[in-house]
Amino acid sequence: MHGLFGSYEVSTNWDLARFAESNYVTRNYETDVFALTHVTLPKFLSDKYFVEHDGCFIATEGVLFEADSAEQAIARYRNGETVFWKHWRGSFCGVLYDKKAERLIVFNDQIGSKMLFYSFDHGEFVFASDLQILAQHFNNRLPQETFIKALLDRGYSCDAKTAVQGIFRLTAGDYIQIEKGHFIKQPYYRFDNTPRDYDEETMLSETNRLFRQAVARVVQKNEAESLQHYFPLSGGLDSRLCQFVAHEIATAPIVNYTYSQRGHYDHVLPQEISRALGNKWQFMALDGGDYLRQIDAIAGATEWLINYNGPSEIYAFASQQDWTHKGVVLTGVNGDNILSVITDHRHEIGLLYSLSFAGNGLGSPLVLQHYTESYSPFCDVDVLDYVLHIPTKKRHNYRFYDRLLLRYYPQAAEWHHKHEQIGHRQTIVTLAGRDMPLRDVPKRMMMYLLKQLHLYDAYGLDGESMNPYDQWIKSNPQLAECFNGYYAQNKHLLPPRFAAECKTMMRIGSVTEKNKVLTVLSALKALSGSGE
């Protein structure tokens with residue numbers, strides 16, 4: 001991944017050859033103590049600071065909707081505001097170096113949307129936006145086995161660990177300060193969900209206002225930069241709400257794109273909705289699952305942080321497009337986790353940080369960052385800071401979400417959501433700690449039984465999926481051969497403690513479970529040095 005590559009109290013020779021053959025912008029800064037190389041896309045350059053002022057140097061990567069200028073940021077720092085970026089809005093990371101104090105500050109945005117990987121050892125600090133490039137800095141790259149275990153169990157790690165021992169990710173709302181060899185990492189921003197008194201009229205109105213403000217940030221940025229609105233649209237509520245709001249705000253044309261199994265409602269509904277909004281619409285069929293064969297490319301695009309299965313669809317689509325004139329992508333990432341709720345009050349914040357900011361919520365944004373910027377209004381700080389205080393019981397089972405749509409965007413409710421009429425949801429029951437519609441209980445129990453009997457591959461019930469992997473692998477022998485061949489070629493890289501578990505997953509696991517193993521192997525192959 002392009003971005004920031006820096007070092008403090010250590011000489012570093014970054015291998016940035018992969019960026020040489022494209023139109024990346026490269027900038028360099030160096031003192032006796034600190035050095036930084038910034039490699040970035042030639043978009044939103046006015047948001048990407050690279051400025052020396054008043055004895056300080058500041059650099060940022062990403063897109064800024066509301067922020068100080070570089071000089072104002074340095075002035076805030078000089079006035080004692082160490083976390084001067086706390087009130088910024090956008091998708092960004094950055095550094096500030098104080099030459100006089102020899103103090104370096106490395107920061108991420110409030111949800112950790114930008115990747116910054118780092119290592120600190122004996123006063124020497126190195127960091128990079130690309131995990132593989134940083135790993136190459138070290139001669140001895142041992143695999144981080146607790147990360148591997150998490151990837152095999154959940155498909156992601158919910159902490160700062162990476163696949164390489166000694167290399168960590170700067171997580172959501174955290175920053176690092178280093179001064180003369182002294183290292184501190186600490187939080188500057190944390191969300192909370194302390195319930196507020198529920199006044200539905202007020203909360204619907206304020207949520208709508210803040211959500212429209214977040215969408216307007218994307219729309220106005222694109223139109224100010226004369227870049228195209230190019231927004232995803234699926235059969236779900238999240239992208240649907242984004243598009244109805246964007247339709248009311250945008251003055252330039254909007255193009256929607258969809259990728260799915262042909263004929264699934266995630267194919268049919270977006271076409272109808274996009275047409276109703278008067279938008280252009282682009283579709284890419286993913287039938288057969290051949291795109292899953294791009295194991296290393298997809299896993300690498302998300303820095304081997306999550307099961308490559310999850311972001312495989314967006315990678316298959318995005319890698320085929322020309323992004324030169326396309327602006328910030330307005331996504332619906334994490335909407336179901338915010339306006340609705342998938343857990344109870346006690347566990348919501350923990351799940352938000354582990355799943356949305358560190359887990360599967362990373363997939364689509366990380367892929368898109370290779371080509372442009374993306375932003376989800378559901379992850380907008382102002383939206384989160386308000387909606388999370390709406391009691392979880394009121395957001396449960398789309399209750400609040402449906403009322404928001406019916407109140408302000410009734411046309412969006414004309415299409416079903418997961419075969420349910422918006423505003424008239426099925427009874428929800430809790431089974432094995434998971435909430436689900438009552439009508440789904442027999443199917444879920446059958447799936448559980450088949451998995452226990454190791455018969456899921458033969459009788460898997462994923463026919464309603466937008467991408468039915470386990471059906472595809474039975475009808476596409478080349479895909480199965482690809483998985484098995486990759487495993488056979490690279491299984492020797494596995495630490496011994498995982499060999500038996502991975503063998504079993506490859507033999508009887510679902511495609512998603514097999515892909516966890518392949519993601520681990522791809523990480524070991526690329527990052528540990530054992531595959532070189």
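The values are calculated or read from the model by the stated rules, or taken from the named source; none is laboratory data. The structure displayed is predicted, hence computed values, not measured ones. Ideal geometry is used to build each Cβ from the backbone, glycine not excepted, and the neighbour counts take in all protein chains shown. SASA here: full protein model, heavy atoms, side chains in, ligands and nucleic acids out. Shrake-Rupley method; radii C 1.70, N 1.55, O 1.52, S 1.80 Å.
Which of the residues that make up region 215-238 are outside any loop (DSSP other than H, G, I, E, B), closer than 22 Å to TYR259 by Cβ and either open to solvent by 10 Å² or more (accessible area, probe 1.4 Å) or of a type in the set (D, E, K, R) (or both)?
GLN228, PRO232, ASP238
Within region 160-182, how many residues are touching a Pro at 6+ places or on another chain (Cβ under 6 Å) and at positive phi?
1
Mind counting the residues in region 162-219 that are within 30 Å of ASP32 (Cβ to Cβ) and of a type in the set (Phe, Trp, Tyr)?
Residues in region 162-219 being within 30 Å of ASP32 (Cβ to Cβ) and of a type in the set (Phe, Trp, Tyr): 4 in total.
Is it fair to say ASP153 is under 22 Å from GLU348 (Cα atoms) and open to solvent by 60 Å² or more (accessible area, probe 1.4 Å)? Step through it out loud before you land on a result.
Values: under 22 Å from GLU348 (Cα atoms): yes; open to solvent by 60 Å² or more (accessible area, probe 1.4 Å): yes.
Yes, satisfied.
(1) surrounded by 15 or more Cβ atoms within 10 Å (Cβ to Cβ); (2) more than 21 Å from SER226 (Cβ to Cβ); (3) within 28 Å of the chain's Cα centre (by Cα): which one isn't true of LYS43, the others all being true?
Every listed condition holds for LYS43 apart from (2).
Which condition number in (1) modelled with pLDDT of 95 or more; (2) surrounded by fewer than 16 Cβ atoms within 10 Å (Cβ to Cβ); (3) touching a helix residue (DSSP H, G or I) at 6+ places or on another chain (Cβ under 9 Å) is the one that GLY531 fails?
Just one mismatch for GLY531, condition (1).
Consider region 1-40. How many of its residues are assigned to a loop (DSSP other than H, G, I, E, B) and open to solvent by 30 Å² or more (accessible area, probe 1.4 Å)?
Within region 1-40, the subset assigned to a loop (DSSP other than H, G, I, E, B) is 1-2, 9-16, 20-24, 31-33.
Checking the rest, the ones that are also open to solvent by 30 Å² or more (accessible area, probe 1.4 Å) come to 9-16, 20-24, 31-32.
Going through region 1-40 one residue at a time, the tally reaches 15.
What are the residues in region 311-322 that are free of Cβ contacts under 8 Å to residues at least 60 places away in the same chain, touching a helix residue (DSSP H, G or I) at 6+ places or on another chain (Cβ under 9 Å) and open to solvent by 10 Å² or more (accessible area, probe 1.4 Å), if any?
TYR315, SER319 - these are the residues of region 311-322 that are free of Cβ contacts under 8 Å to residues at least 60 places away in the same chain, touching a helix residue (DSSP H, G or I) at 6+ places or on another chain (Cβ under 9 Å) and open to solvent by 10 Å² or more (accessible area, probe 1.4 Å).
Within region 112-148, can you find the residues that are open to solvent by less than 30 Å² (accessible area, probe 1.4 Å), closer than 29 Å to GLU501 by Cα and either among the charged types (D, E, K, R) or in contact with a His (Cβ under 6 Å, 6 or more places away or on another chain) (or both)?
ARG141
Answer with yes or no whether ARG212 is within 18 Å of ILE314 (Cα to Cα) and either surrounded by fewer than 21 Cβ atoms within 10 Å (Cβ to Cβ) or not aromatic (Phe, Trp, Tyr) (or both). Walk me through how you get there before you give the answer.
Values: within 18 Å of ILE314 (Cα to Cα): no; either surrounded by fewer than 21 Cβ atoms within 10 Å (Cβ to Cβ) or not aromatic (Phe, Trp, Tyr) (or both): yes.
Here the answer is no, as ARG212 does not meet what is asked.
Could you check region 191-208 and list, in sequence order, the residues that are open to solvent by 30 Å² or more (accessible area, probe 1.4 Å) and either of a type in the set (Ser, Thr, Tyr) or touching a residue at least 40 places away in the same chain (Cβ under 8 Å) (or both)? Talk me through it step by step, then tell me what you get.
Within region 191-208, the first condition is being open to solvent by 30 Å² or more (accessible area, probe 1.4 Å), and the residues that meet it are 192, 194-202, 205-206.
Correct list: ASP192, THR194, PRO195, ARG196, TYR198, GLU200, THR202, SER205, GLU206.
Can you say whether HIS370 is modelled with pLDDT of 95 or more, more than 23 Å from ARG209 (Cα to Cα), open to solvent by 10 Å² or more (accessible area, probe 1.4 Å) and not in a helix (DSSP H, G or I), as far as the supplied structure shows?
Working: modelled with pLDDT of 95 or more: yes; more than 23 Å from ARG209 (Cα to Cα): yes; open to solvent by 10 Å² or more (accessible area, probe 1.4 Å): yes; not in a helix (DSSP H, G or I): yes.
When the stated conditions are applied, HIS370 passes them.
Rundown of residues vs (1) closer than 25 Å to LYS43 by Cα; (2) within 19 Å of the chain's Cα centre (by Cα), yes/no style:
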{"residue": "GLN220", "(1), (2)": "yes, no"}
{"residue": "ASP238", "(1), (2)": "no, yes"}
{"residue": "VAL255", "(1), (2)": "yes, no"}
{"residue": "GLN261", "(1), (2)": "no, no"}
{"residue": "HIS267", "(1), (2)": "no, no"}
{"residue": "GLU272", "(1), (2)": "no, no"}
{"residue": "MET284", "(1), (2)": "no, no"}
{"residue": "GLN321", "(1), (2)": "yes, no"}
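Report whether or not LYS221 is modelled with pLDDT of 95 or more and closer than 30 Å to MET506 by Cβ.
Numbers: modelled with pLDDT of 95 or more: yes; closer than 30 Å to MET506 by Cβ: no.
No; evaluated as a whole, the condition is false for this residue.
Do we have any residue at all in region 381-394 that's open to solvent by 10 Å² or more (accessible area, probe 1.4 Å) and under 14 Å from the mean Cα position of the chain (by Cα)?
No; the residues of region 381-394 include none that is open to solvent by 10 Å² or more (accessible area, probe 1.4 Å) and under 14 Å from the mean Cα position of the chain (by Cα).
I'm checking my understanding of the structure. Among residues of region 267-309 that are in a helix (DSSP H, G or I), of a type in the set (Gly, Ala, Ser) and more than 17 Å from VAL520 (Cβ to Cβ), which one is most open to solvent (accessible area, probe 1.4 Å)? Lay out the reasoning, then the answer.
Within region 267-309, the subset in a helix (DSSP H, G or I) is 267-277, 290-293, 295-301.
Filter once more, keeping what is of a type in the set (Gly, Ala, Ser): 274, 276, 297, 299-301.
Narrowing further to those that are more than 17 Å from VAL520 (Cβ to Cβ): 274, 276.
Numbers: SER274: 0, ALA276: 52 Å².
That would be ALA276.
Within region 50-93, which residues are more than 15 Å from LEU104 (Cα to Cα), in a strand (DSSP E or B) and either modelled with pLDDT under 95 or hydroxyl-bearing (Ser, Thr, Tyr) (or both)?
Of everything in region 50-93, just one residue is more than 15 Å from LEU104 (Cα to Cα), in a strand (DSSP E or B) and either modelled with pLDDT under 95 or hydroxyl-bearing (Ser, Thr, Tyr) (or both), namely SER91.
Take the residues of region 463-512 that are among the small types (Gly, Ala, Ser) and under 18 Å from THR146 (Cα atoms): which is most open to solvent (accessible area, probe 1.4 Å)?
First pass over region 463-512, keeping only residues among the small types (Gly, Ala, Ser): 463, 465, 475, 480, 485, 488, 499-500, 509-510.
Then keep just the ones that are under 18 Å from THR146 (Cα atoms); that gives 499-500.
On the way: ALA499: 45, ALA500: 71 Å².
Per the stated criteria, the residue is ALA500.
List every residue pair whose Cβ atoms sit under 7 Å apart, with the two residues 6 or more apart in sequence or on different chains, where the first one lies in region 130-142 and is in contact (Cβ under 8 Å) with a residue 24 or more places away in the chain and the second, anywhere, is assigned to a loop (DSSP other than H, G, I, E, B) and open to solvent by 60 Å² or more (accessible area, probe 1.4 Å).
Short answer, once both residue conditions are applied: ILE133/ASP15; GLN136/ASP15; LEU142/GLN165.
Of the residues GLY361, GLY327, which is small (Gly, Ala, Ser) and either modelled with pLDDT of 95 or more or surrounded by fewer than 18 Cβ atoms within 10 Å (Cβ to Cβ) (or both)? Walk me through it before giving the result.
Numbers: GLY361 fails: either modelled with pLDDT of 95 or more or surrounded by fewer than 18 Cβ atoms within 10 Å (Cβ to Cβ) (or both).
When all the criteria are applied, what remains is GLY327.
Are any residues in region 105-157 touching a helix residue (DSSP H, G or I) at 6+ places or on another chain (Cβ under 7 Å), in a helix (DSSP H, G or I) and under 30 Å from THR26 (Cα atoms), and if so, which ones?
LEU131, GLN132, ALA135
Would you point out the residue of region 332-358, among those that are aliphatic (A, V, I, L, M) and not in a loop (DSSP other than H, G, I, E, B), that is most open to solvent (accessible area, probe 1.4 Å)? Step through it out loud before you land on a result.
Step one: list which residues in region 332-358 are aliphatic (A, V, I, L, M), which gives 333, 338-339, 341-342, 349, 351-352, 355, 358.
This time we only want the ones that are not in a loop (DSSP other than H, G, I, E, B), so: 338, 349, 351-352, 355.
Working: ILE338: 1, ILE349: 35, LEU351: 53, LEU352: 9, LEU355: 33 Å².
Only one residue tops the list, namely LEU351.
Going residue by residue through region 170-182, is there one that turns out to be in contact with a helix residue (DSSP H, G or I) (Cβ under 7 Å, 6 or more places away or on another chain) and either modelled with pLDDT of 95 or more or under 21 Å from GLU348 (Cα atoms) (or both)?
Residues of region 170-182 in contact with a helix residue (DSSP H, G or I) (Cβ under 7 Å, 6 or more places away or on another chain): 172.
Restricting the remaining residues to those that are either modelled with pLDDT of 95 or more or under 21 Å from GLU348 (Cα atoms) (or both) gives 172.
Yes, region 170-182 contains at least one residue that is in contact with a helix residue (DSSP H, G or I) (Cβ under 7 Å, 6 or more places away or on another chain) and either modelled with pLDDT of 95 or more or under 21 Å from GLU348 (Cα atoms) (or both).
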